[in-house]
Amino acid sequence: MALMITEECINCSACIPECPNTAIYEPGDPWELFGESYESLNDEITYIVPDKCTECVGHHEEPQCVPVCPSDCIVPDPNFNESKEDLLAKKEALESNG
Ligand code: SF4
Ligand code: SF4
């Protein structure tokens, strides 16, 4: 399951450098994948790109962004219900293409 950031986020940016997949972006910033740039998914709060979040599977045992968040506002995204195998495949696809 990809993770998402809720409205309790205070935009402290602590989670951003923790992500091994560069899946977390400042509000309003465009996100990038395979050399392409895409419009921001959220102009108000720091956001996670579901296509890039593997729940840290393949990199770490636990999601790295969750423990550094002072607001406890990084939670599973019910719209992206993926198995561990799905997440590993996503991680490998991210690495093979860029
Ligand atoms: S769970 Fe891991 S891959 Fe997903 S946003 Fe957090 S640090 Fe990035
Ligand atoms: S660490 Fe938490 S509060 Fe800070 S930007 Fe990330 S999600 Fe928002």
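In this simple spin-label approximation, Y38 and A89 carry label points 7 Å from Cα along the Cα→Cβ vector, and these lie 1.8 nm apart.
Each pair of Cα atoms in segment 3-97 enters the Kirkwood radius, and Stokes-Einstein at 10 °C and 1.306 mPa s then converts it into a translational diffusion coefficient of 118 µm²/s.
Averaged per residue, the chain has 59 square angstrom of accessible surface, using a 1.4 angstrom probe with ligands and nucleic acids left out.
What percentage of the solvent-accessible surface of the chain, computed with a 1.4 Å probe over protein heavy atoms, is contributed by carbon and sulfur atoms? All intermediate terms of the calculation are to be shown ahead of the outcome.
On the way: 2740 of 5780 Å².
Answer for the chain: carbon and sulfur cover 47 percent of the accessible area.
Assuming charge only on the beta carbon of Lys and Arg (+1) and of Asp and Glu (-1), the dipole of the chain about its Cα centre is about 220 debye to the nearest 20. Other residues within the sphere of radius under 10 Å centred on the Cβ of N11, judged by their own Cβ, net out at -2 (K and R +1, D and E -1). Seen from P76, the other residues with C-beta closer than 12 Å to its C-beta sum to a net charge of -3, counting Lys and Arg as +1 and Asp and Glu as -1.
Across segment 1-58, Cα pairs under 8 Å and at least six residues apart give a relative contact order of 43 percent. For the chain, the relative contact order works out to 38 percent when only alpha carbon pairs closer than 8 Å and six or more residues apart are counted.
Computed extension gain for E61 through T22, at 0.36 nm per residue and net of the alpha carbon distance, reaches 12.3 nm. Neighbours of L88, meaning other residues whose beta-carbon lies under 13 angstrom from its beta-carbon, give a summed charge of -3 when Lys and Arg score +1 and Asp and Glu score -1.
The values are calculated or read from the model by the stated rules, or taken from the named source; none is laboratory data. None of these values were measured; they are calculated from a predicted model. For neighbour counting, all protein chains shown are included, and Cβ atoms are generated from backbone atoms with ideal geometry for every residue, glycine included. Heads up: the accessible areas ignore ligands, DNA and RNA and are worked out on the full protein's heavy atoms, side chains in. Shrake-Rupley method; radii C 1.70, N 1.55, O 1.52, S 1.80 Å.
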